[in-house]
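J.: Before I ask anything, let me first share the structure, which is written out below as structure tokens.
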Amino acid sequence: MAQLVERRIRLRSINNHIACKICKGYLIDATTVTECLHTFCKSCLVKHLEENNTCPICSIVIHQSHPLQYISFDRTMQDIVYKLVPNLMEVELSREREFYRVRGLPNPKDIPLQNLDLNSEDLQHDPHAASDYHRQDEQVNVCLECISANLRALKRRYIRCSAQATILHLKKFIAMKILNGMDQYREIDILCNEELLGKDHTLKFVVVTRWRFQNAPLTLQYRPKIDI
């Protein structure tokens, strides 16, 4: 029987694979360019794409006019970085809490479960609803407006959901409400300020990059991909 040999690998030997090529630090909110699969910190990449439409490493054109629609959060890479680098996650959480503390704002991740309505209908049917529905996340108020005569408007166009929800989640929600089913979401486009939004954009990302100087709620418009 073959004997397993334990081999220790120094972190510095793999730093090049888990570090952002823009800030040179470990990846935080790892975000990958879908055209070339190069990965960066989300904040670093978004700042770069505000002035450029090319990848910072290989210079490939991501998109001529809307490069932010072709980047995606890389959860697998971020999990790998947090597991490899000791205390990195704890340090980032501490910095996040300090950010909210200095500004006198409550950190959404520190809201205790006791603040939830434990007698609500959702929790009675599903005891795990508190975590499944991300009620401790930062919340975003959204107004969904239909801008096509060929698509039915929602009866209730105001929703409140986690800032971590994506445009894809909203597309599936709209499809479930007004089309034949959730699987019809590909037939819907969602826009903000007349700009088409990528399916992997989180609502937090949309608020920061498209709506930061506007009053709540975040207003998004939806339409069929092809008007008939």
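The values are calculated or read from the model by the stated rules, or taken from the named source; none is laboratory data. Here the structure is a predicted model, which is why all the values come from computation and not from measurement. Reconstructed Cβ throughout: ideal geometry from the backbone, glycine too, with neighbour counts over all protein chains shown. Areas reflect the complete protein model, heavy atoms only, side chains present, ligands, DNA and RNA absent. Shrake-Rupley method; radii C 1.70, N 1.55, O 1.52, S 1.80 Å.
J.: Just for helices (runs of 4 or more DSSP H) wholly inside segment 121-228: which have at least 2 residues that are modelled with pLDDT of 90 or more and either closer than 24 Å to SER43 by Cα or of a type in the set (A, V, I, L, M, F, W, C) (or both)?
T.: Answer list for segment 121-228: 167-178, 203-210.
J.: Hey, THR166 hits all of (1) of a type in the set (Ser, Thr, Tyr); (2) free of Cβ contacts under 8 Å to residues at least 60 places away in the same chain; (3) farther than 23 Å from GLU35 by Cβ but one; which does it fall short on?
T.: So THR166 meets the others, but not (3).
J.: Which residue pairs have Cβ atoms closer than 9 Å, lie 6 or more positions apart in sequence or on different chains, and pair a first residue in segment 88-100 that is touching a residue at least 40 places away in the same chain (Cβ under 8 Å) and closer than 17 Å to GLY25 by Cα with a second residue that is of a type outside the set (Val, Ile, Thr) and in a helix (DSSP H, G or I)?
T.: Pairs found: LEU88/TYR82; GLU92/TYR82.
J.: If the requirement is being open to solvent by less than 80 Å² (accessible area, probe 1.4 Å) and modelled with pLDDT of 90 or more, which of these qualifies: MET89, MET77? Lay out the reasoning, then the answer.
T.: Working: MET89 fails: open to solvent by less than 80 Å² (accessible area, probe 1.4 Å).
Among MET89, MET77, only MET77 is open to solvent by less than 80 Å² (accessible area, probe 1.4 Å) and modelled with pLDDT of 90 or more.
J.: So ARG160 fits all but one of (1) closer than 26 Å to ASP29 by Cα; (2) in contact with a Lys or Arg (Cβ under 9 Å, 6 or more places away or on another chain); (3) surrounded by fewer than 18 Cβ atoms within 10 Å (Cβ to Cβ); what number is the exception?
T.: The one condition ARG160 does not meet is (2).
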